[in-house]
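Below you'll find the structure, written out as C-alpha coordinates, and then a few comments.
The values are calculated or read from the model by the stated rules, or taken from the named source; none is laboratory data. Quantities reported herein were computed from a predicted structural model and do not represent experimental measurements. Note: ideal-geometry Cβ built from the backbone for every residue, glycine included; neighbour counts use all protein chains shown. To get the accessible areas, we keep the full protein, side chains included, count just its heavy atoms, and leave off ligands, DNA and RNA. Shrake-Rupley method; radii C 1.70, N 1.55, O 1.52, S 1.80 Å.
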Amino acid sequence: MNDASASSTDSQLPDTGWVAVVKRDCPTCELTEPVLAALAQATSLTVYTQDDPTFPETVPHEYDSTLDISHGLKIEVVPTLLKRENGREVARTYGWDKAEWRKLTGLATLGADLPDIRPGCGAKNIEPGIIEDLLVRHGETGLKARKVEIGSGEDEIEAMFDRGWSDGLPVVPPTEARVLRMLSGTARDPQEVIGKVPSDLADCTVEKVAINAVMAGCKPEYLPVVLAAVEAVLEEPFAMHGVLATTMYVGPVVIVNGPIRRHIGMNMKGNALGQGFRANSTIGRALQLVIRNVGGGRPQEVDRATLGNPGKLSYCIAEDEEGSCWESLATERGVPDGKSAVTVFAGYGLQGIVDQKSRDPESLAQSFAESLKALQHTKLYPGADALLVVCPEHERTFREAGWSKAKLYEELYARTQRPVDEIRPGVGGIAEGTTAFADGTMARKFREGGLMIVRAGGGAGMFSGIIGGWSASGEKGSSPVTRQIGL
(Lines give C-alpha, C1' and ligand atoms only; values in the text may rest on other atoms or scores of the structure.)
Protein backbone atom coordinates (compact mmCIF):
# COMPACT_ATOMS: atom_id res chain seq x y z
CA MET A 1 0.00 0.00 0.00
CA ASN A 2 1.46 3.38 -0.93
CA ASP A 3 1.51 6.28 1.53
CA ALA A 4 -1.43 8.06 -0.11
CA SER A 5 -3.61 4.94 0.11
CA ALA A 6 -2.60 4.33 3.73
CA SER A 7 -3.41 7.91 4.67
CA SER A 8 -6.77 7.75 2.90
CA THR A 9 -7.72 4.54 4.68
CA ASP A 10 -6.58 5.73 8.10
CA SER A 11 -8.67 8.87 7.78
CA GLN A 12 -11.81 6.75 7.53
CA LEU A 13 -11.02 4.49 10.49
CA PRO A 14 -11.45 5.14 14.21
CA ASP A 15 -8.28 6.32 15.95
CA THR A 16 -8.95 3.90 18.80
CA GLY A 17 -11.25 0.90 18.91
CA TRP A 18 -12.05 -2.33 17.15
CA VAL A 19 -12.55 -2.87 13.43
CA ALA A 20 -14.11 -6.00 11.91
CA VAL A 21 -14.35 -6.90 8.22
CA VAL A 22 -16.92 -9.51 7.17
CA LYS A 23 -18.96 -10.70 4.21
CA ARG A 24 -22.30 -12.46 3.88
CA ASP A 25 -20.87 -15.15 1.62
CA CYS A 26 -18.85 -16.65 4.47
CA PRO A 27 -20.33 -19.18 6.94
CA THR A 28 -17.77 -18.22 9.58
CA CYS A 29 -18.74 -14.55 9.33
CA GLU A 30 -22.38 -15.52 9.87
CA LEU A 31 -21.29 -17.72 12.78
CA THR A 32 -19.56 -14.76 14.47
CA GLU A 33 -22.48 -12.31 14.13
CA PRO A 34 -23.58 -12.74 17.78
CA VAL A 35 -19.96 -12.28 18.88
CA LEU A 36 -19.74 -9.01 16.98
CA ALA A 37 -23.02 -7.90 18.53
CA ALA A 38 -21.64 -8.64 22.01
CA LEU A 39 -18.39 -6.85 21.22
CA ALA A 40 -20.29 -3.80 19.88
CA GLN A 41 -22.14 -3.54 23.22
CA ALA A 42 -18.94 -3.87 25.25
CA THR A 43 -16.63 -1.53 23.37
CA SER A 44 -16.23 0.69 20.33
CA LEU A 45 -16.58 -1.47 17.20
CA THR A 46 -16.70 -0.49 13.53
CA VAL A 47 -17.85 -3.23 11.17
CA TYR A 48 -17.29 -3.18 7.39
CA THR A 49 -19.19 -5.59 5.18
CA GLN A 50 -17.82 -6.50 1.77
CA ASP A 51 -20.69 -7.96 -0.22
CA ASP A 52 -24.12 -7.35 1.32
CA PRO A 53 -25.08 -3.93 2.69
CA THR A 54 -27.69 -5.56 4.99
CA PHE A 55 -25.23 -7.89 6.73
CA PRO A 56 -24.83 -8.32 9.67
CA GLU A 57 -28.42 -7.43 10.57
CA THR A 58 -27.88 -7.24 14.36
CA VAL A 59 -24.76 -5.07 14.28
CA PRO A 60 -24.34 -1.48 13.04
CA HIS A 61 -22.05 -1.55 10.04
CA GLU A 62 -20.78 0.24 6.95
CA TYR A 63 -20.81 -1.09 3.39
CA ASP A 64 -17.31 -1.22 1.85
CA SER A 65 -18.80 -1.10 -1.64
CA THR A 66 -15.56 -0.15 -3.40
CA LEU A 67 -13.49 -2.45 -1.16
CA ASP A 68 -11.02 0.39 -0.70
CA ILE A 69 -11.15 0.04 3.10
CA SER A 70 -10.53 -3.70 2.89
CA HIS A 71 -7.68 -3.14 0.45
CA GLY A 72 -6.12 -0.44 2.61
CA LEU A 73 -6.27 -2.77 5.63
CA LYS A 74 -4.75 -5.59 3.55
CA ILE A 75 -7.55 -7.96 4.45
CA GLU A 76 -6.92 -11.47 3.12
CA VAL A 77 -9.35 -13.54 5.23
CA VAL A 78 -12.78 -12.75 6.65
CA PRO A 79 -13.80 -12.34 9.34
CA THR A 80 -10.82 -10.21 10.38
CA LEU A 81 -10.83 -8.43 13.74
CA LEU A 82 -8.20 -5.79 14.43
CA LYS A 83 -7.48 -3.35 17.22
CA ARG A 84 -6.40 0.28 16.71
CA GLU A 85 -4.78 2.63 19.21
CA ASN A 86 -3.87 6.25 18.56
CA GLY A 87 -4.39 5.97 14.80
CA ARG A 88 -2.52 2.74 14.15
CA GLU A 89 -3.16 -0.98 14.19
CA VAL A 90 -1.73 -2.83 17.19
CA ALA A 91 -3.21 -6.34 16.84
CA ARG A 92 -5.35 -8.51 14.56
CA THR A 93 -6.78 -11.99 14.21
CA TYR A 94 -8.80 -13.68 11.46
CA GLY A 95 -11.19 -16.55 11.08
CA TRP A 96 -12.81 -17.71 14.31
CA ASP A 97 -10.52 -18.89 17.08
CA LYS A 98 -12.29 -18.56 20.42
CA ALA A 99 -9.09 -18.37 22.46
CA GLU A 100 -7.55 -15.76 20.16
CA TRP A 101 -10.65 -13.56 20.09
CA ARG A 102 -10.94 -13.70 23.90
CA LYS A 103 -7.25 -12.89 24.32
CA LEU A 104 -7.40 -10.02 21.85
CA THR A 105 -10.59 -8.45 23.25
CA GLY A 106 -10.09 -9.25 26.93
CA LEU A 107 -13.65 -10.64 27.08
CA ALA A 108 -13.31 -13.99 28.86
CA THR A 109 -16.79 -15.27 28.00
CA LEU A 110 -16.90 -14.14 24.38
CA GLY A 111 -18.47 -16.71 22.05
CA ALA A 112 -19.30 -19.19 24.80
CA ASP A 113 -21.89 -20.97 22.65
CA LEU A 114 -19.67 -21.18 19.53
CA PRO A 115 -17.25 -23.95 18.52
CA ASP A 116 -13.61 -23.42 19.41
CA ILE A 117 -12.28 -22.91 15.89
CA ARG A 118 -13.66 -22.31 12.41
CA PRO A 119 -11.54 -21.27 9.41
CA GLY A 120 -12.35 -18.04 7.67
CA CYS A 121 -12.99 -17.40 3.99
CA GLY A 122 -11.02 -15.58 1.33
CA ALA A 123 -11.71 -11.86 1.38
CA LYS A 124 -13.57 -10.35 -1.56
CA ASN A 125 -10.89 -7.72 -2.15
CA ILE A 126 -8.30 -10.32 -3.11
CA GLU A 127 -10.48 -12.22 -5.57
CA PRO A 128 -9.13 -12.45 -9.15
CA GLY A 129 -10.50 -9.64 -11.24
CA ILE A 130 -10.96 -7.45 -8.16
CA ILE A 131 -7.49 -7.27 -6.65
CA GLU A 132 -6.00 -6.15 -9.97
CA ASP A 133 -8.47 -3.28 -10.29
CA LEU A 134 -7.74 -2.22 -6.71
CA LEU A 135 -4.00 -2.23 -7.31
CA VAL A 136 -4.43 -0.12 -10.43
CA ARG A 137 -6.78 2.32 -8.70
CA HIS A 138 -4.38 2.78 -5.78
CA GLY A 139 -1.28 3.05 -7.95
CA GLU A 140 0.28 -0.10 -6.51
CA THR A 141 0.87 -2.22 -9.61
CA GLY A 142 4.66 -2.15 -9.47
CA LEU A 143 4.67 -2.36 -13.28
CA LYS A 144 7.60 -0.65 -14.99
CA ALA A 145 6.78 -0.93 -18.68
CA ARG A 146 6.04 2.30 -20.51
CA LYS A 147 2.36 3.22 -20.48
CA VAL A 148 0.83 4.27 -23.79
CA GLU A 149 -2.25 6.42 -23.56
CA ILE A 150 -4.93 5.77 -26.17
CA GLY A 151 -6.96 8.76 -27.26
CA SER A 152 -10.61 8.87 -26.25
CA GLY A 153 -11.64 8.71 -29.90
CA GLU A 154 -9.35 5.79 -30.78
CA ASP A 155 -10.49 2.21 -31.09
CA GLU A 156 -8.15 0.12 -28.91
CA ILE A 157 -7.83 -2.72 -31.41
CA GLU A 158 -7.15 -0.41 -34.34
CA ALA A 159 -4.71 1.62 -32.26
CA MET A 160 -2.58 -1.46 -31.69
CA PHE A 161 -2.60 -2.26 -35.39
CA ASP A 162 -1.57 1.33 -36.14
CA ARG A 163 1.33 1.16 -33.68
CA GLY A 164 2.70 -2.05 -35.20
CA TRP A 165 2.16 -4.27 -32.15
CA SER A 166 0.03 -6.86 -33.95
CA ASP A 167 1.06 -9.97 -35.85
CA GLY A 168 -1.68 -9.22 -38.38
CA LEU A 169 -4.56 -10.41 -36.21
CA PRO A 170 -6.40 -8.47 -33.49
CA VAL A 171 -4.65 -8.51 -30.11
CA VAL A 172 -6.05 -8.10 -26.60
CA PRO A 173 -5.38 -4.64 -25.13
CA PRO A 174 -2.77 -5.14 -22.34
CA THR A 175 -4.33 -3.00 -19.61
CA GLU A 176 -2.58 -2.81 -16.24
CA ALA A 177 -5.27 -4.97 -14.65
CA ARG A 178 -4.92 -7.66 -17.33
CA VAL A 179 -1.13 -7.68 -17.02
CA LEU A 180 -1.35 -8.01 -13.24
CA ARG A 181 -3.79 -10.87 -13.67
CA MET A 182 -1.39 -12.55 -16.10
CA LEU A 183 1.50 -12.15 -13.65
CA SER A 184 -0.50 -14.06 -11.04
CA GLY A 185 0.36 -17.15 -13.10
CA THR A 186 3.99 -17.06 -11.94
CA ALA A 187 5.88 -16.52 -8.69
CA ARG A 188 8.75 -14.84 -10.52
CA ASP A 189 9.67 -11.18 -10.01
CA PRO A 190 8.03 -9.14 -12.79
CA GLN A 191 11.25 -7.15 -13.20
CA GLU A 192 13.49 -10.21 -13.56
CA VAL A 193 15.41 -9.96 -16.83
CA ILE A 194 15.27 -13.32 -18.57
CA GLY A 195 17.46 -12.39 -21.52
CA LYS A 196 18.02 -10.07 -24.45
CA VAL A 197 15.73 -10.53 -27.44
CA PRO A 198 17.28 -10.21 -30.91
CA SER A 199 17.61 -8.39 -33.09
CA ASP A 200 17.40 -5.25 -30.95
CA LEU A 201 18.92 -7.17 -28.01
CA ALA A 202 16.41 -5.47 -25.75
CA ASP A 203 16.15 -6.61 -22.14
CA CYS A 204 13.16 -8.91 -21.76
CA THR A 205 11.56 -8.96 -18.32
CA VAL A 206 8.90 -11.29 -16.96
CA GLU A 207 6.55 -8.29 -17.10
CA LYS A 208 7.17 -7.76 -20.82
CA VAL A 209 6.47 -11.43 -21.50
CA ALA A 210 3.24 -11.11 -19.51
CA ILE A 211 2.21 -8.07 -21.59
CA ASN A 212 2.62 -10.01 -24.82
CA ALA A 213 0.91 -13.06 -23.32
CA VAL A 214 -2.10 -10.84 -22.62
CA MET A 215 -2.04 -9.57 -26.19
CA ALA A 216 -1.87 -13.14 -27.50
CA GLY A 217 -4.95 -14.18 -25.51
CA CYS A 218 -3.21 -16.41 -22.95
CA LYS A 219 -4.61 -17.33 -19.54
CA PRO A 220 -2.39 -16.76 -16.46
CA GLU A 221 -1.73 -20.49 -16.06
CA TYR A 222 -0.06 -20.52 -19.49
CA LEU A 223 2.55 -17.94 -18.47
CA PRO A 224 5.15 -20.41 -17.09
CA VAL A 225 5.13 -22.22 -20.45
CA VAL A 226 5.52 -18.96 -22.36
CA LEU A 227 8.39 -17.89 -20.10
CA ALA A 228 10.19 -21.20 -20.59
CA ALA A 229 9.73 -20.97 -24.36
CA VAL A 230 11.10 -17.41 -24.46
CA GLU A 231 14.09 -18.40 -22.33
CA ALA A 232 14.73 -21.39 -24.58
CA VAL A 233 14.81 -19.40 -27.84
CA LEU A 234 17.15 -16.88 -26.20
CA GLU A 235 19.73 -19.56 -25.44
CA GLU A 236 22.75 -19.31 -27.73
CA PRO A 237 22.39 -22.76 -29.38
CA PHE A 238 18.95 -21.83 -30.74
CA ALA A 239 20.41 -18.83 -32.62
CA MET A 240 17.23 -16.77 -32.59
CA HIS A 241 18.81 -13.91 -34.54
CA GLY A 242 19.74 -16.31 -37.34
CA VAL A 243 16.30 -17.90 -37.30
CA LEU A 244 14.87 -14.41 -37.79
CA ALA A 245 17.31 -13.23 -40.42
CA THR A 246 17.37 -16.30 -42.66
CA THR A 247 15.50 -16.14 -45.94
CA MET A 248 14.24 -19.68 -45.30
CA TYR A 249 10.83 -20.61 -43.96
CA VAL A 250 11.59 -21.27 -40.31
CA GLY A 251 10.33 -19.94 -37.00
CA PRO A 252 10.21 -21.31 -33.44
CA VAL A 253 8.19 -24.49 -32.96
CA VAL A 254 7.30 -25.19 -29.31
CA ILE A 255 6.82 -28.79 -28.11
CA VAL A 256 5.38 -29.17 -24.61
CA ASN A 257 5.84 -32.22 -22.39
CA GLY A 258 4.86 -33.15 -18.86
CA PRO A 259 1.88 -32.70 -16.50
CA ILE A 260 1.34 -29.05 -17.39
CA ARG A 261 -0.12 -30.10 -20.76
CA ARG A 262 -3.21 -31.49 -19.08
CA HIS A 263 -3.31 -28.86 -16.36
CA ILE A 264 -3.74 -26.04 -18.89
CA GLY A 265 -5.86 -27.98 -21.38
CA MET A 266 -3.47 -28.43 -24.30
CA ASN A 267 -4.56 -30.48 -27.28
CA MET A 268 -2.38 -33.44 -28.21
CA LYS A 269 -4.94 -35.56 -30.03
CA GLY A 270 -7.14 -34.82 -33.06
CA ASN A 271 -6.04 -31.76 -35.03
CA ALA A 272 -2.99 -31.58 -32.75
CA LEU A 273 -1.21 -29.11 -35.05
CA GLY A 274 -4.36 -27.20 -35.98
CA GLN A 275 -6.71 -24.57 -34.64
CA GLY A 276 -9.37 -24.70 -31.97
CA PHE A 277 -7.49 -24.96 -28.68
CA ARG A 278 -6.67 -21.81 -26.77
CA ALA A 279 -3.54 -22.99 -24.97
CA ASN A 280 -1.83 -24.32 -28.10
CA SER A 281 -2.74 -21.29 -30.18
CA THR A 282 -1.92 -18.54 -27.71
CA ILE A 283 1.31 -19.91 -26.20
CA GLY A 284 3.01 -20.04 -29.59
CA ARG A 285 1.54 -16.66 -30.50
CA ALA A 286 2.82 -15.06 -27.28
CA LEU A 287 6.35 -16.22 -28.07
CA GLN A 288 6.15 -14.72 -31.54
CA LEU A 289 4.79 -11.42 -30.17
CA VAL A 290 7.69 -11.19 -27.71
CA ILE A 291 10.10 -11.63 -30.62
CA ARG A 292 8.25 -8.93 -32.57
CA ASN A 293 7.47 -6.37 -29.89
CA VAL A 294 10.45 -6.71 -27.56
CA GLY A 295 13.15 -7.69 -30.05
CA GLY A 296 11.92 -5.90 -33.16
CA GLY A 297 11.67 -9.07 -35.27
CA ARG A 298 9.24 -7.84 -37.92
CA PRO A 299 8.77 -9.30 -41.41
CA GLN A 300 10.36 -7.44 -44.31
CA GLU A 301 12.68 -5.85 -41.77
CA VAL A 302 14.94 -8.11 -39.66
CA ASP A 303 12.74 -11.09 -40.53
CA ARG A 304 13.92 -11.77 -44.09
CA ALA A 305 11.96 -14.95 -44.84
CA THR A 306 11.21 -15.35 -48.53
CA LEU A 307 7.94 -17.20 -47.94
CA GLY A 308 7.73 -17.85 -44.21
CA ASN A 309 5.03 -20.27 -43.05
CA PRO A 310 1.68 -20.01 -41.22
CA GLY A 311 3.35 -21.38 -38.08
CA LYS A 312 5.08 -18.06 -37.64
CA LEU A 313 1.80 -16.82 -36.19
CA SER A 314 1.82 -19.65 -33.64
CA TYR A 315 3.38 -23.10 -33.64
CA CYS A 316 2.89 -24.96 -30.37
CA ILE A 317 2.13 -28.64 -29.95
CA ALA A 318 1.88 -31.06 -27.04
CA GLU A 319 3.06 -34.66 -27.12
CA ASP A 320 0.52 -37.40 -26.35
CA GLU A 321 2.71 -39.10 -23.78
CA GLU A 322 -0.05 -41.11 -22.15
CA GLY A 323 -0.95 -42.87 -25.40
CA SER A 324 2.63 -43.59 -26.39
CA CYS A 325 4.73 -46.71 -25.88
CA TRP A 326 7.87 -44.57 -26.19
CA GLU A 327 9.61 -42.23 -23.80
CA SER A 328 8.67 -38.60 -24.33
CA LEU A 329 10.83 -36.12 -26.19
CA ALA A 330 11.58 -34.28 -22.93
CA THR A 331 12.63 -37.50 -21.19
CA GLU A 332 15.01 -38.49 -23.98
CA ARG A 333 16.48 -34.99 -23.77
CA GLY A 334 17.25 -35.34 -20.06
CA VAL A 335 14.20 -33.94 -18.26
CA PRO A 336 13.28 -36.04 -15.17
CA ASP A 337 10.05 -38.03 -15.34
CA GLY A 338 7.09 -36.12 -13.97
CA LYS A 339 8.54 -32.71 -14.80
CA SER A 340 7.18 -30.35 -17.44
CA ALA A 341 9.35 -28.90 -20.19
CA VAL A 342 9.38 -27.13 -23.52
CA THR A 343 11.57 -27.92 -26.48
CA VAL A 344 12.00 -25.22 -29.12
CA PHE A 345 12.93 -26.11 -32.68
CA ALA A 346 13.51 -23.91 -35.73
CA GLY A 347 10.98 -25.46 -38.08
CA TYR A 348 8.63 -24.75 -40.95
CA GLY A 349 5.26 -25.99 -42.21
CA LEU A 350 4.05 -29.57 -42.03
CA GLN A 351 4.98 -32.11 -44.71
CA GLY A 352 2.53 -34.99 -44.62
CA ILE A 353 3.37 -38.71 -44.68
CA VAL A 354 0.41 -40.69 -46.02
CA ASP A 355 0.83 -44.44 -45.62
CA GLN A 356 -2.40 -46.38 -45.19
CA LYS A 357 -1.14 -49.80 -46.31
CA SER A 358 2.04 -50.59 -44.37
CA ARG A 359 1.33 -53.16 -41.67
CA ASP A 360 4.90 -54.06 -40.76
CA PRO A 361 7.49 -51.70 -39.22
CA GLU A 362 10.04 -52.16 -42.01
CA SER A 363 7.64 -50.94 -44.69
CA LEU A 364 6.45 -48.03 -42.59
CA ALA A 365 9.98 -47.03 -41.61
CA GLN A 366 10.93 -47.00 -45.30
CA SER A 367 7.93 -44.75 -46.05
CA PHE A 368 9.08 -42.39 -43.34
CA ALA A 369 12.65 -42.47 -44.66
CA GLU A 370 11.69 -41.75 -48.27
CA SER A 371 9.59 -38.81 -47.12
CA LEU A 372 12.44 -37.52 -44.98
CA LYS A 373 14.84 -37.75 -47.93
CA ALA A 374 12.71 -35.18 -49.76
CA LEU A 375 13.13 -32.65 -46.98
CA GLN A 376 14.22 -29.33 -48.54
CA HIS A 377 15.44 -31.21 -51.65
CA THR A 378 16.08 -34.86 -52.45
CA LYS A 379 19.69 -34.06 -53.38
CA LEU A 380 20.59 -31.76 -50.48
CA TYR A 381 22.76 -33.74 -48.06
CA PRO A 382 23.26 -33.31 -45.20
CA GLY A 383 19.82 -31.79 -44.77
CA ALA A 384 18.28 -29.82 -41.96
CA ASP A 385 17.11 -31.21 -38.65
CA ALA A 386 13.55 -32.53 -38.58
CA LEU A 387 10.75 -33.23 -36.13
CA LEU A 388 8.80 -36.38 -36.98
CA VAL A 389 5.24 -36.37 -35.62
CA VAL A 390 4.00 -39.96 -35.50
CA CYS A 391 0.24 -40.48 -35.42
CA PRO A 392 -1.31 -43.11 -33.10
CA GLU A 393 -2.12 -45.63 -35.85
CA HIS A 394 1.44 -45.54 -37.19
CA GLU A 395 2.86 -45.72 -33.66
CA ARG A 396 0.73 -48.81 -33.08
CA THR A 397 2.48 -50.57 -35.97
CA PHE A 398 5.86 -50.04 -34.33
CA ARG A 399 4.53 -50.88 -30.86
CA GLU A 400 3.01 -54.19 -31.91
CA ALA A 401 6.30 -55.15 -33.56
CA GLY A 402 8.24 -54.28 -30.42
CA TRP A 403 10.17 -51.38 -31.96
CA SER A 404 11.51 -48.94 -29.40
CA LYS A 405 12.04 -45.30 -30.25
CA ALA A 406 15.78 -45.97 -30.31
CA LYS A 407 15.18 -48.71 -32.90
CA LEU A 408 13.15 -46.36 -35.08
CA TYR A 409 15.84 -43.67 -34.86
CA GLU A 410 18.49 -46.22 -35.88
CA GLU A 411 16.48 -47.36 -38.87
CA LEU A 412 15.66 -43.85 -40.06
CA TYR A 413 19.26 -42.65 -39.88
CA ALA A 414 20.32 -45.69 -41.90
CA ARG A 415 17.45 -45.64 -44.42
CA THR A 416 17.81 -41.93 -45.24
CA GLN A 417 21.38 -42.37 -46.50
CA ARG A 418 22.05 -42.20 -50.25
CA PRO A 419 25.03 -43.05 -52.46
CA VAL A 420 27.01 -39.88 -53.17
CA ASP A 421 26.89 -40.46 -56.94
CA GLU A 422 23.09 -39.99 -56.82
CA ILE A 423 23.23 -36.53 -55.27
CA ARG A 424 26.00 -34.81 -57.22
CA PRO A 425 25.11 -31.54 -59.00
CA GLY A 426 23.75 -32.27 -62.47
CA VAL A 427 22.78 -35.88 -61.76
CA GLY A 428 19.26 -36.64 -62.95
CA GLY A 429 19.18 -33.44 -64.95
CA ILE A 430 19.01 -31.35 -61.75
CA ALA A 431 21.66 -28.67 -61.22
CA GLU A 432 21.10 -28.70 -57.47
CA GLY A 433 23.21 -31.21 -55.57
CA THR A 434 25.84 -31.91 -52.95
CA THR A 435 29.65 -31.95 -53.14
CA ALA A 436 30.33 -32.38 -49.43
CA PHE A 437 31.10 -36.12 -49.49
CA ALA A 438 33.94 -38.22 -50.85
CA ASP A 439 33.32 -40.31 -53.96
CA GLY A 440 32.06 -43.82 -53.33
CA THR A 441 30.64 -43.09 -49.89
CA MET A 442 27.16 -42.98 -48.48
CA ALA A 443 25.82 -39.55 -47.55
CA ARG A 444 23.80 -39.05 -44.35
CA LYS A 445 20.70 -36.91 -44.58
CA PHE A 446 20.75 -36.04 -40.88
CA ARG A 447 23.45 -35.26 -38.38
CA GLU A 448 23.52 -37.37 -35.22
CA GLY A 449 20.76 -36.01 -33.02
CA GLY A 450 19.19 -34.14 -35.91
CA LEU A 451 15.97 -36.15 -35.80
CA MET A 452 13.36 -35.80 -33.08
CA ILE A 453 10.25 -37.97 -32.72
CA VAL A 454 7.00 -37.20 -30.89
CA ARG A 455 3.65 -38.95 -30.85
CA ALA A 456 0.50 -36.85 -31.35
CA GLY A 457 -2.75 -36.78 -33.27
CA GLY A 458 -6.18 -38.34 -33.52
CA GLY A 459 -6.85 -42.04 -33.12
CA ALA A 460 -8.08 -42.55 -36.68
CA GLY A 461 -6.07 -41.91 -39.83
CA MET A 462 -2.65 -43.17 -40.92
CA PHE A 463 -1.25 -39.71 -41.41
CA SER A 464 2.01 -38.70 -39.78
CA GLY A 465 4.03 -35.60 -40.55
CA ILE A 466 7.43 -33.97 -40.79
CA ILE A 467 8.27 -30.49 -39.57
CA GLY A 468 11.44 -29.65 -41.43
CA GLY A 469 14.13 -27.45 -39.93
CA TRP A 470 16.58 -24.77 -40.96
CA SER A 471 19.38 -25.78 -43.31
CA ALA A 472 21.79 -24.23 -40.80
CA SER A 473 21.17 -26.98 -38.24
CA GLY A 474 23.66 -27.93 -35.60
CA GLU A 475 26.81 -26.21 -34.38
CA LYS A 476 26.91 -23.66 -37.22
CA GLY A 477 23.26 -22.71 -36.94
CA SER A 478 20.29 -23.57 -34.75
CA SER A 479 19.96 -26.55 -32.43
CA PRO A 480 16.82 -27.57 -30.53
CA VAL A 481 16.80 -26.39 -26.92
CA THR A 482 14.89 -28.05 -24.07
CA ARG A 483 14.06 -26.14 -20.90
CA GLN A 484 12.25 -27.32 -17.80
CA ILE A 485 9.17 -25.28 -16.88
CA GLY A 486 9.20 -23.59 -13.49
CA LEU A 487 6.61 -21.48 -11.72
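Structure summary
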quantity	calculated
Portion, in percent, of the accessible area of segment 243-310 that falls on carbon or sulfur, probe 1.4 Å	53 percent
Percent carbon-and-sulfur accessible area, segment 1-107, ignoring ligands, DNA and RNA, probe 1.4 Å	46 percent
Qualifying GluC sites (Glu not before Pro) for segment 35-104 [loop in DSSP, other Cβ within 10 Å: at most 12]	57
Among 218-229, 343-354, 63-74, the order from most to least packed when residues are scored by Cβ within 10 Å on average	218-229, 343-354, 63-74
Relative contact order computed over segment 347-449 (Cα-Cα under 8 Å; 6+ residues apart), in percent	33 percent
DSSP-assigned coil residues among GluC sites (Glu not before Pro) in segment 276-360, each with at most 13 further Cβ atoms within 10 Å	301, 322
Segment 121-169 - percent of accessible surface contributed by carbon and sulfur, probe 1.4 Å	51 percent
Label-point gap, in nm, between residue 66 and residue 201 - each point 7 angstrom along Cα→Cβ	4.8 nm
FRET E, pair residue 356, residue 298, Förster distance 45 Å, beta-carbon r, rounded to 0.05	0.60
Equivalent ellipsoid semi-axes, segment 247-332, via Cα gyration tensor eigenvalues times 5, rooted, Å	27, 13, 12
Those trypsin sites (Lys or Arg not before Pro) in segment 389-487 that DSSP places in a loop and that have at most 12 other beta carbons within 10 Å	476
Å² per residue, accessible surface of the chain at 1.4 Å	44 Å²
In nm, spacing of pseudo-spin labels at residue 156 and residue 436 (7 Å Cα→C-beta vector)	5.0 nm
Cα centroid separation, segment 174-188 to segment 449-487 (Å)	31 Å
Within the chain: Cβ-based charge dipole about Cα centre, in debye rounded to nearest 20 (Lys, Arg +1; Asp, Glu -1)	1220 debye
Förster radius 45 Å - calculated FRET efficiency between residue 262 and residue 421, Cβ distance, rounded to 0.05	0.35
Between segment 93-108 and segment 145-166, the alpha-carbon center distance in angstrom	53 Å
C-alpha center-to-center spacing [segment 366-424, segment 112-139] in angstrom	58 Å
Angstrom value of the Kirkwood radius, inverse mean 1/r, which spans all Cα pairs in the chain	26.3 Å
